[in-house]
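For reference, the structure is listed below as structure tokens.
Rule-based calculations on the coordinates, nothing more; no lab input. All of these numbers come straight from a predicted model, not from anything done at the bench. Heads up, the Cβs are rebuilt from the backbone with ideal geometry, glycines too, and the neighbour counts pull from every protein chain shown.
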Amino acid sequence: MPGKFIVFEGGEGSGKSSHVQLTSDFLKQHSISSITTHEPGGTKIGKIIRELILEERVATRAELLLFLADRAQHVAEIIKPTLDKNTTVLCDRFTGSTLAYQIGARNLQPENLIIQMEDFARSGLTPDLTIYLDIDPAIGIERKRVQTNHTMNSFDDFDLEFHQSVHEYFLQYAKQQANWVIINANRKLSDVQFDLNQLLGKFYGFTH
């Protein structure tokens, strides 16, 4: 079976990382080979970029360029070579996050230029399926704060209004994309994953 590129998007505390791993387990049960990865930081170079972004106060435009550099390296080194081997790639964050955070929340302009730059960074590679885990920002932030393994970073300093702007852009963008599916992530992890398994079953043809 050809490898598929599946992306998980969402705001803080939406459960992306957990659902990426649970989805990997689900696909394995159906004999589908996959890898899990994330942005930023999916490569050796990306890890350095991730540390800079999360630990330092990077200028807004510089932050965008760092995210795009991370994506260009990620696509060239990990994502495309894996897909070429007919292995599925499950990725935590991709295009949607860049647009939602940089345009939606940081209000970087011009929007068309940023969209073109982002397309250039990923060499035009488009996910086969993007799953948007839609969560109320207040709920998501609270979930993240009570996580015992969560390390505070620069994005945790932003107020609720910032995260609401991210959410609004994400939701509007998701509704306009043909290959995006919106999942209510305000619920228990197990309930959300049940819906994801149903969705993936139809996507792969396990169920009809």
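Things worth noting here:
- Potential lengthening of the chain between ASN107 and PHE120 amounts to 2.7 nm, from the contour at 0.36 nm per residue minus the alpha-carbon distance.
- At an R0 of 30 angstrom, the distance between the Cβ atoms of ALA72 and ASP159 translates into a FRET efficiency of 0.45.
- Convex hull (Cα only) mean projected area of region 80-132, reported in nm² to one decimal: 4.1 nm²
- Take the Cβ atoms of GLU142 and ILE45, set R0 to 35 Å, and the FRET efficiency comes out at 0.55.
- When only the Cβ of Lys, Arg, Asp and Glu is charged (+1, +1, -1, -1), the dipole of the chain relative to its Cα centre reaches about 600 debye.
- Ratio Rg/Rh [Cα only; Rh per Kirkwood] for region 51-160: 0.98
- For LEU199 and GLN21, a Förster radius of 25 Å and the Cβ-Cβ distance give a FRET efficiency of 0.90, rounded to the nearest 0.05.
- Positive dipole terminus of the chain, leading residue within GLY140, PHE170, LEU83 (C-beta point charges): LEU83
- Helix-only mean residue ellipticity at 222 nm for the chain, each DSSP H run of n ≥ 4 adding -39500 (n - 2.57), per residue, nearest 500: -15500 deg cm²/dmol
- Above-threshold pairs, the threshold being 20 Å between Cα atoms, out of LYS28/LYS85; LYS16/LYS188; LYS4/LYS85; LYS4/LYS28; LYS4/LYS202; LYS28/LYS175: LYS28/LYS175
- Segment GLU55-GLN176, extension gain: residue separation times 0.36 nm, minus the distance between their alpha carbons: 40.2 nm
- When the charge dipole of region 5-204 is built from unit charges on Cβ atoms (+1 for Lys and Arg, -1 for Asp and Glu) and taken about the Cα centre, the candidate among LEU113, LEU160, GLN198 whose Cα reaches farthest toward its positive end is GLN198.
- Least to most buried among VAL146, VAL7 (fewest other Cβ within 10 Å first): VAL146, VAL7
- Counting 0.36 nm for each residue step from SER190 to LYS85 and taking away their Cα separation leaves a gain of 34.7 nm.
- Each Cα pair under 8 Å and six or more residues apart adds its sequence gap; the mean of these over the residue count of the chain is a relative contact order of 32 percent.
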